[in-house]
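Worksheet: the structure to be examined is printed underneath.
The values are calculated or read from the model by the stated rules, or taken from the named source; none is laboratory data. Not measured: the values here are computed from a predicted model. We place every Cβ from the backbone using ideal geometry, glycine too, and count neighbours over all the protein chains shown.
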């Protein structure tokens, strides 16, 4: 899995939606999973 810290309103990495998102007041953590997992 890869976790990327991004600005809350920033675009997704490489234009791909993450499997999970954890959003705060000013930042967002996008979680990308490899293929072959539940949501990846």
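Things to note:
- Hits in the stretch 2-20 - residues which are touching a strand residue (DSSP E or B) at 6+ places or on another chain (Cβ under 8 Å) and either under 7 Å from residue 31 (Cα atoms) or outside any loop (DSSP other than H, G, I, E, B) (or both): 2, 3, 4, 5, 6, 7, 13, 18, 19, 20
- Single residue of the stretch 24-40 satisfying the filter (touching a strand residue (DSSP E or B) at 6+ places or on another chain (Cβ under 8 Å) and over 10 Å from residue 1 (Cα atoms)) that is modelled with the lowest pLDDT: 39
- Of the residues contained in the stretch 14-22, one or more are found to be at pLDDT below 95 and on the phi > 0 side of the Ramachandran plot.
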